[in-house]
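This report concerns only the one structure given below.
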Amino acid sequence: MGEFRKLLSFVLPYKKFLIISIIVVLLSAILELSMPYIVKLTIDRYITPQVIKLNKIPEWKDKYPNAFYDNYVLIYELPNHLRIELEKLGYLSNERYFIISDSIENSIKFKNKFIISVENYKKLKNPINLRKDDIKGILFFGGLYLILLITDFILNYFQIIILTLLGQKSIYEIRTKLFEHLLKLPISFLQKQKVGRLVTRVANDVDAINEFYTSVLVSLIKDFVIIIGIISIMLLMNVKITLIILSIIPFLLIASALFRYFARKAYDNVRRILGELNAFLNESIVGISIIQAFNAQNYMKIKFFKINDDLFKAFLNLIYVFGIFMPLVSLGSSIAIAILIYNGGIDILKQGFTFGGLVAFINYIEMLFNPIRDLAEKYNTMQSAFIASKRIFLLLSEKGEDRGKGIILKEVKGHIEFRNVYFAYENENWVLKNFNLEVKPGQKVAIVGPTGSGKTTIMNLLLRFWDVQKGEILLDGVNIKDLDLKFLRSQFSLVLQDVFLFSGNIEDNVFLYRKNGKVENYFKYLNVENLMDLNKFVNERGTSFSSGQRQIISFIRALANNPKILLLDEATSNVDQETEYIIQKSLEKLLENRTAIIIAHRLSTIKSADKIVVLYYGEKIEEGKHEELINKKGFYYHLYTLQFENG
């Protein structure tokens, strides 16, 4: 029920649509319940023989003046139990009569009309002409049935429209809420997730909830009303037969409970493996160049076949569960009809049941078992929606970054301090250990060291993608944890080694959809306007540009933000020497009055840095200017000499 309430919480803002759809469904249910009864009335009153001759007139006949006339009884005007009583007492003869409009040979006066026995009726050449009132009654109820059918069609049409609107409005809000929440989630969480699974949450899981809203939510109410209505009508028509038929229901309820148990386990397994498949496909497509370059297609195919085979087996298991339940319900329906035909046929012979009642009962049994038969399909949809909502709420429960809270400095000078900082991505595997660093306003500080020494981690901590476990980081004397997160990041611009570009145009990638001047001006400012076509379309991940061009776009994106602090993470490592020369010349001008932290593998690019910090597996082992470190002949000297010797 908790999962059901969660699903309902999404539609509560649109309860007007939900209420209207429920009203429409209730009206539709009432119409559908009335149709078999109209068929019963038509058969009993206008098609089958309506009058029976009495061997003896009961003493209580005056209580039913519309039923009795002389020694004849209009059978459909008597309740079932009285017809059975008359049959048991031997009051009813075997002679049955049709009501006709005119007096003919062998006809008998009956109130203001006439009756004729079934035997004599069969001898007539054109008997239909004598049953004008019956034809009118058949036409009336037939027309009424058609009107109800058309009305039910119109109601169902509006129900579909309303439910579709309800579903689309709800999933629009869910998708929006999910995407907004994803944007707020910290990098520390997102980096641990598989992209394919997150995409599944926003796409597949939301569609599963929409299917629940449009196909299950309101129809469950309709099914409940129809089941209660059918049982009530059947009890009014014939208590004994209804109770016998309902005796099958407990067995079906037990089967339904077992079905729900096994179906849920099977469906959980399907959804889990489907998530793995989506994640694997996403990784394979993103890394296709690596797969092809290393001829790893066969390995990837084997891995895909394994996951695909697991999914196939999971679906087979689900099909087996459904394959047992569906025939079981059909068997229950067939048994119920068999019971009805046997008991109803005997009751018809005993006058305790009418032929019209038998036909109506068959229709009601079909209507009664249809919701149970549909339970398998609806339960499939419900399980999908429940699991999807569970995953969505689990994602929404992840704590997002605190934005709009904290201190906003009136003026940022760009003074950065790391004080006794310890940081680990997992447990106490320290990436930075007792790290101290001061970067004064306007200083250009370079961070060097071998791979895995914690260089990029410093930038992650400055932008609060991760938070330190021990120590503190200060910006202009204020702990960055106390600063408003949006404000903090607005003071930085970041250039990464692996440039990510969004599909679209260069301008949107530079300004990130925030207009901030003309993009051409930035390219001219760097004297790189001739290095690429500024109107060229940017493919997904920027594949339509060379690595050097992507690096320049990323560099200009950082500068267009006009930051106080520049973070350059291997900013020129993917750029050829000519492009690097152009950028280096531009940097001298662009870094004026800005604090900069530069991570570089090419030590030749950081000779002019105000300070060079050498990291070795999380610890600062050297610090100073280029010449000072060279003269020390320490680890920096070793790195520089090694690069120089390798050209």
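Quick note: the coordinates plus some simple rules give every number you see, no bench work behind them. This one's a predicted model, so the numbers in the text were calculated from it and none came from an experiment. Positions of Cβ are generated from backbone atoms using ideal geometry, with glycine treated the same way; all protein chains shown enter the neighbour counts.
Structural remarks
- The range 416-645 - share of DSSP beta bridges that are antiparallel (%, nearest 5): 55
- Members of K40/K111; K192/K611; K40/K109; K481/K518; K169/K481; K184/K410 lying beyond 30 Å, as alpha-carbon distances in this model show: K192/K611; K481/K518; K169/K481
- Computed FRET value (nearest 0.05) for F502 with N427, which takes r as the C-beta separation and R₀ as 25 Å: 0.10
- Using Cβ point charges alone (K and R +1, D and E -1), the dipole size of the chain about the Cα centre works out to roughly 1100 debye.
- Under 11 Å, Cβ to Cβ, from L474 - net charge with Lys/Arg +1 and Asp/Glu -1: -3
- The simple spin-label model puts a point 7 Å past each Cα toward its Cβ; for K177 and N112 those points are separated by 6.6 nm.
- Relative contact order of the chain, taken over Cα pairs closer than 8 Å and 6 or more residues apart, is 13 percent.
- Dipole of the chain, positive end: most advanced residue of F500, Q168, V468 [Cβ charges, Cα centre]: Q168
- For the range 520-534 versus the range 217-264, the inter-centroid distance based on Cα atoms is 74 Å.
- Between the range 284-341 and the range 451-486, the Cα center-to-center distance that results, in Å: 47
- Counting only DSSP beta bridges with both residues in the chain, the antiparallel share comes to about 65 percent.
- Unsatisfied cross-links (Cα-Cα over 24 Å) in the set K56/K122; K536/K607; K455/K625: K56/K122; K536/K607
- The convex hull drawn around the Cα atoms of the range 416-645, when projected onto a plane and averaged over every direction, covers 12.9 nm².
- Prolate/oblate/rounded label for the range 265-417 (Cα gyration tensor, a/c 1.5): oblate
- For K53, the aspartates and glutamates whose Cα falls under 13 Å of its own Cα, not counting residues fewer than eight places away in the same chain, are D70, E87, E95.
- Efficiency of FRET between E105 and F158 - r from beta-carbon atoms, R0 41 angstrom, step 0.05: 0.15
- Charges were assigned to the Cβ only: +1 to each Lys and Arg, -1 to each Asp and Glu. The resulting dipole of the range 416-645 about its Cα centre is roughly 360 debye.
- Rounded FRET efficiency, nearest 0.05, which uses the C-beta distance separating I147 from I231 and R0 of 25 Å: 0.45
- Residue among Y64, L235, F361 farthest towards the positive dipole end of the chain, charges placed on Cβ: Y64
- Normalised by 2.2 N^0.38 Å, with N the number of residues, the alpha-carbon radius of gyration of the range 54-132 equals 1.16.
- Once the Cα-Cα distance is subtracted from the 0.36 nm per residue extended length, the V202 to F487 segment shows a gain of 99.7 nm.
- Once both labels are positioned 7 Å from their Cα atoms along Cα-to-Cβ, the gap between L12 and S188 label points is 3.1 nm.
- Label-to-label distance, nm, for residues given as S608 and N129 (7 Å Cα→Cβ offset): 11.8
- If the chain linking L331 and R514 were pulled fully straight, counting 0.36 nm for each residue of separation and taking away their Cα-Cα distance, it would gain 59.4 nm.
- In the chain, the DSSP-assigned H stretches of four residues or longer account for a calculated mean residue ellipticity at 222 nm of -18500 deg cm²/dmol, using -39500 (n - 2.57) per stretch and the full residue count as denominator.
- When the Cα positions of N561, I38, G90 are compared along the charge dipole of the chain, G90 comes out farthest toward the positive end, with charges on each C-beta of Lys, Arg, Asp and Glu.
- Projected area averaged over orientations for the range 120-190, convex hull of C-alpha atoms, nm²: 8.9
- Among the DSSP helices (H) of the chain, those spanning at least 18 angstrom by Cα along their long axis with an average Kyte-Doolittle hydropathy of 1.6 or more are 15-42, 218-237; this is a geometric and hydropathy rule only.
- Ranked by how many other beta carbons lie within 10 Å on average, peptides 368-374, 107-113, 261-267 from highest: 368-374, 261-267, 107-113
- Local electrostatic count, N278, Cβ distance below 12 Å [Lys/Arg +1, Asp/Glu -1]: +2
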